[in-house]
1. Can you work out which of the residues in segment 161-186 that are surrounded by 14 or more Cβ atoms within 10 Å (Cβ to Cβ) and in a loop (DSSP other than H, G, I, E, B) is nearest to the chain's Cα centre (by Cα)?
2. Would you kindly identify the strands (runs of 3 or more DSSP E) lying entirely within segment 1-80 that contain at least 2 residues that are modelled with pLDDT of 75 or more, under 16 Å from TRP177 (Cα atoms) and of a type outside the set (Ser, Thr, Tyr)?
3. So which of PHE135, PHE174, PHE182, PHE144 is free of Cβ contacts under 8 Å to residues at least 24 places away in the same chain and over 14 Å from PHE64 (Cα atoms)?
4. Looking only at residues in segment 126-160 that are part of a loop (DSSP other than H, G, I, E, B) and buried (at least 19 other Cβ atoms within 10 Å of the Cβ), which one is modelled with the lowest pLDDT?
5. Restricting attention to segment 81-108, which residues are surrounded by fewer than 14 Cβ atoms within 10 Å (Cβ to Cβ), polar (S, T, N, Q) and outside any loop (DSSP other than H, G, I, E, B)?
Amino acid sequence: MKEIVIKFKDNKFIQDWVIPFVAAGVVCLILTKFVFINVKVPTPSMVPTIEIGDRMFTTHIYNFDKLKRGDIIAFKNEDVNDKPLLKRLIGLPNEEITIEKDGTIYVDGVKLEERYVKNQVSLNYIDPRMNTGTFKVPENAYFFLGDNRSNSADARYWKDPYVYENELISKVRFRFWPLNKFGKLD
């Protein structure tokens, strides 16, 4: 009986198919574990910027100093929800955020221009559960609001209105689904 010996360097199938497939799998695993995250939006809190069911391409946050006001961030807040939330970054560490009765926001006394807010809520008819007034953002913490202010369970409603660095997951880079809205967000 003939002995069959498979030599690795002589096997075209392994060289042409198996090695590239395994290498691509390892690269994908590393990228999804340490760089990129796929986030699906389950609520209308960011409408019209982000609609329910939209899928976002995000990258892990490693340098908190690069975060800026207006970024859309995915984070975990165990007090609020066990799933990641997406909200707009409004307040950075050590800033003072004031929410006026008409919904206008001031950061350290300067009015914040928010072209992305379409459904502003007047605080004249305030929900008794909503926190209003002035918020002093602690060191290593951030203040988040949804773009759809009339329908967003955000910092105004949380027992602790701040999200801490260890709860931040990723920064939204662009929407990849649905395809007709593919691209960068405001």
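The values are calculated or read from the model by the stated rules, or taken from the named source; none is laboratory data. On a predicted model such as this, the values are computed, not experimentally measured, just so you know. Note that each Cβ is placed from the backbone with ideal geometry, even for glycine, and that neighbours are counted across all protein chains shown.
1. LEU185
2. Values: elements: 36-40, 55-60, 72-77.
Where strands (runs of 3 or more DSSP E) fall fully within segment 1-80 and carry at least 2 residues being modelled with pLDDT of 75 or more, under 16 Å from TRP177 (Cα atoms) and of a type outside the set (Ser, Thr, Tyr), they are 55-60.
3. Numbers: PHE135 fails: free of Cβ contacts under 8 Å to residues at least 24 places away in the same chain; PHE174 fails: free of Cβ contacts under 8 Å to residues at least 24 places away in the same chain; PHE144 fails: free of Cβ contacts under 8 Å to residues at least 24 places away in the same chain.
Among PHE135, PHE174, PHE182, PHE144, only PHE182 is free of Cβ contacts under 8 Å to residues at least 24 places away in the same chain and over 14 Å from PHE64 (Cα atoms).
4. Of segment 126-160, the ones part of a loop (DSSP other than H, G, I, E, B) are 126-132, 137-140, 146-148, 152-160.
Now drop any that are not buried (at least 19 other Cβ atoms within 10 Å of the Cβ), which leaves 137, 146-148, 152, 154-156.
Numbers: VAL137: 96, GLY146: 90, ASP147: 89, ASN148: 87, SER152: 83, ASP154: 87, ALA155: 88, ARG156: 87.
Out of the qualifying residues, it is SER152.
5. The answer is ASN81, and nothing else.
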